[in-house]
Amino acid sequence: MSQHITSAFDRDLETVEVLITRMGGLVEQAILDAASALEAQDEEAAQEVRRADRAIDALEDQLNDEAARIIALRAPMGVDLRAILGVIKISGNLERIGDYAKNMAKRTTVLAGMPQVEGGTAALRRMAREVQRLLKDALNAYVRRDADLAREVLARDAEIDQMYNAAFRELLTFMLEDTRNITPCMHLHFIAKNTERMGDHVTAIAEQVIYMVTGQHPDDDRPKGDATSVDAKISQT
């Protein structure tokens, strides 16, 4: 009987892991597509990113339902319980990253009707691409239960912070050079900030992987970028 219960739980866990992988793939694609639409000022591509977000939201709902069913039916304990709770937290972080990608697409639609800021989007696309790579590694760490890879993801988040600070300074320069750039640059700044926050959610996924594997939460002493945006006191809406 014990072996039967264990086998059933393993099958349930495989099911939710497949869903997490599918959801993560959709989120990775949303990041890349939103950044590409932004750089090309492609409104139709931006609209497609917004439509695709519904599938991400639906997968989060499905994962939460599956996790609740497994907890109620299997009553997992110890490492098994951490695995199921991890599914809930990871899916929540993936959903938030998808929301930020959707927000990038929304602002792309607004920016399409404004004068373009020469060179204003290239840095943001590079930043989004780096976040996507980071997310891919975090998801690989989850599938492999690789705490070392998850720790590498935590360390690399500082690179995202530095890219954000560099983008902030560049956008500020554009605004100072020409007041007509102020409104589009503010939208680009919000996109940059949202992309930086995507990175924070990726690190939350990596932290959850470490906890699932080791039973210990990582120390909160990883390096962060400088406080350029804080010092400037530009608020996020």
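The values are calculated or read from the model by the stated rules, or taken from the named source; none is laboratory data. Source: prediction; values computed, not measured. Note: ideal-geometry Cβ built from the backbone for every residue, glycine included; neighbour counts use all protein chains shown. Note: areas computed on protein heavy atoms with side chains; ligands, DNA, RNA excluded. Shrake-Rupley method; radii C 1.70, N 1.55, O 1.52, S 1.80 Å.
See the values below:
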{"item": "In the stretch 138-159, the residues that are closer than 21 Å to A30 by Cβ and in contact (Cβ under 8 Å) with a residue 40 or more places away in the chain", "result": "A138, L139, A141, Y142, V143, V153, D157"}
{"item": "Single unsatisfied condition, A138 versus (1) more than 30 Å from I88 (Cβ to Cβ); (2) assigned to a helix (DSSP H, G or I); (3) hydrophobic (A, V, I, L, M, F, W, C)", "result": "(1)"}
{"item": "Filter pass, I70 being among the β-branched types (V, I, T) and free of Cβ contacts under 8 Å to residues at least 40 places away in the same chain", "result": "no"}
{"item": "The stretch 124-137 residues that are touching a residue at least 12 places away in the same chain (Cβ under 8 Å), paired with ones that are acidic (D, E) and open to solvent by less than 10 Å² (accessible area, probe 1.4 Å) (beta carbon under 8 Å, 6 or more apart)", "result": "L134/D157"}
{"item": "Single match in E28, E44, E48 (criterion: modelled with pLDDT of 95 or more, loosely packed, with under 14 Cβ neighbours inside 10 Å and within 24 Å of A112 (Cα to Cα))", "result": "E44"}
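This table checks each residue for (1) part of a loop (DSSP other than H, G, I, E, B); (2) among the aromatic types (F, W, Y); (3) over 19 Å from A206 (Cα atoms).
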position: R82; (1), (2), (3): no, no, no
position: L85; (1), (2), (3): no, no, no
position: A105; (1), (2), (3): no, no, yes
position: G120; (1), (2), (3): yes, no, yes
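Quick grid of which residues meet (1) among the hydroxyl-bearing types (S, T, Y); (2) open to solvent by 10 Å² or more (accessible area, probe 1.4 Å); (3) assigned to a helix (DSSP H, G or I):
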{"residue": "I160", "(1), (2), (3)": "no, no, yes"}
{"residue": "T195", "(1), (2), (3)": "yes, no, yes"}
{"residue": "D200", "(1), (2), (3)": "no, yes, yes"}
{"residue": "V209", "(1), (2), (3)": "no, no, yes"}
{"residue": "H217", "(1), (2), (3)": "no, yes, no"}
